[in-house]
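The values are calculated or read from the model by the stated rules, or taken from the named source; none is laboratory data. From a predicted model like this one, the values you see are computed outputs, not experimental measurements. FYI the Cβ positions are ideal-geometry reconstructions off the backbone, even for glycines, and counts take in every protein chain you see.
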Amino acid sequence: MTTDHRPGRLNLNAFLMSTGHHEASWRLPESAPDAVSTNIAYLQRLAQIAESGKLDSIFFADGPGLQSDVGRRPAGSLDPLIVLTAIAGVTERIGLIATASTTYNSPYNLARRFASIDHVSGGRAGWNVVTTAGPDIARNFGLDEQPAHAARYERAAEFLEVAFKLWDSWEDDAILADKAAGVWADATKIHRPEHAGKHFSVHGALTTPRSPQARPLVVQAGSSDDGKDLAARYAEAVFTAHQTLGDAQAFYADLKARAAAVGRDPETVRILPGIVPVIGATEEEALAKERELDELIVPEYARAQLAKTLRLAPEDLPLDRELPADLPSEDEIEGAKSRYTLIVSLARREGLTVRQLIGRLGGGRGHRTFAGTPEQVADALQQWYDAEAADGFNIMPAVLPSGLEQFVDQVLPILRERGLFRTEYEGTTLREHYGLARPANLHTLAALGAHV
């Protein structure tokens, strides 16, 4: 197989989730389900494994509410921004990405926290921007219902505009530290956003000076039309889920075109589909591992979760029948629209029963699962890269830590032999890992323009 014409190499992010992405991973003898969600030493060790493979970044998902059925799999987690701060102290180069909601946060506080992590880590912070669906979460914040899908994305766009203004409120050379003159900073280079919009009113400059990356890498993960428009305008990396090469290619072409339409270079938007690799010395061994995990799924728990996603009652989903014919359309869904459509399309396309669909979703909640040898996993990644379906991948080990160790030790050497992945880190910041420039300060640009 040969690489395509695009510059650079694969971007690889490790999506770290408790005992692994397969919902039954906690039942394996090797897992420690009573400790991983809040065991910072365990999370630090996972980050160090990923860094030993020279991966671009690690990522922690998050939501401000306990959504998982605690009877189904390990639940509960630490605030990921605090986790990233603890990991920053035991790693040196790997990027640190966390999810934070624009629906249930304020721009000033969140911009300050991410700028702080960027300083603490030496320029390795990334923000996965989400709008957060779910009526249960809304009720955690005093709302009777979740805000409508379009309204959440409208708020997210303004949230990002405010955050960018805050991160630019200090120019890079604002701090003078001139002891002789008694001048610590040039006050003319610190700017108040003075933002007054539909959703936010933010007056003052950030308390945090401009960080090593200027602002964190902006990641986005929604694949609805509203999500893709937001990504095209603001995102520098996009986490997405696809089951087929054709769907991934269509998404890739669409998002790159949307980015170009708003005046951005499409190459500055890196698209990373999720993949759940199950690795074995032989294909038979890998498939046996996958079967072992699938057989540990508790059907009634999984059916309840599927029913919640489909906005149905569990009794409406007999395990050995296909999905009902009269499901809601995507337009009627106010939550995770793109994931809803992916799940329904998968079931319809392959004629899956509810029991079979539960098995297919158990590994990665709609992300592509792939069982094979290290060579076959490398082939699968390269095929999508060569076919312009991906710029890289969100690696989602089915079982942790073993799945991450196998990917680092067995798959990465093959990708390196093919010239598809780095041997050593070439930069120190997350933006450098992704091949992206440090953003210029808008106030500095304006001043330069005034003197031309």
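Quick look at the values:
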| item | result |
| --- | --- |
| Test for Ile40: is it more than 19 Å from the chain's Cα centre (by Cα) and of a type in the set (Val, Ile, Thr) | yes |
| Residue within the stretch 85-101 that is more than 30 Å from Ile414 (Cβ to Cβ) and touching a Lys or Arg at 6+ places or on another chain (Cβ under 6 Å) present | no |
| Test: residue in the stretch 171-178 that is among the β-branched types (Val, Ile, Thr) and either under 28 Å from the mean Cα position of the chain (by Cα) or farther than 16 Å from Ala115 by Cβ (or both) | no |
| Matching residues, the stretch 92-109, being out of contact with any strand residue (DSSP E or B) (no Cβ under 7 Å at 6 or more places or on another chain) and either surrounded by 19 or more Cβ atoms within 10 Å (Cβ to Cβ) or at pLDDT below 95 (or both) | Arg93, Thr103, Tyr104, Asn105 |
| Qualifying residue in the stretch 242-255 (condition: of a type in the set (Phe, Trp, Tyr) and farther than 30 Å from Arg113 by Cα) | yes |
| Residue match in the stretch 18-31 (condition: out of contact with any Ser or Thr (no Cβ under 6 Å at 6 or more places or on another chain), farther than 20 Å from Ala302 by Cβ, at pLDDT below 90 and assigned to a loop (DSSP other than H, G, I, E, B)) | yes |
| Hits in the stretch 56-85 (condition: over 15 Å from Val219 (Cβ atoms), modelled with pLDDT of 90 or more and surrounded by 15 or more Cβ atoms within 10 Å (Cβ to Cβ)) | Leu78, Val83, Thr85 |
| Index of the failed condition, Gln243 passing every other in (1) on the phi < 0 side of the Ramachandran plot; (2) loosely packed, with under 15 Cβ neighbours inside 10 Å; (3) not hydrophobic (A, V, I, L, M, F, W, C) | (2) |
| Pair list, Cβ < 9 Å and 6+ apart or interchain, from the stretch 405-418 residues that are among the basic types (Lys, Arg) to residues that are part of a helix (DSSP H, G or I) and modelled with pLDDT of 95 or more | Arg418/Ala378; Arg418/Gln382 |
| Yes/no for Ala151 being touching a residue at least 60 places away in the same chain (Cβ under 8 Å) and not in a loop (DSSP other than H, G, I, E, B) | no |
| Elements of type strands (runs of 3 or more DSSP E) in the stretch 216-285, at least 1 residues being at pLDDT 95 or above and in contact with a His (Cβ under 6 Å, 6 or more places away or on another chain) | 270-279 |
| Looking only at the stretch 193-233, and only at residues there that are among the charged types (D, E, K, R) and either out of contact with any strand residue (DSSP E or B) (no Cβ under 9 Å at 6 or more places or on another chain) or crowded, with 17+ Cβ neighbours inside 10 Å (or both), the one that is nearest to Ile58 (Cα to Cα) | Arg215 |
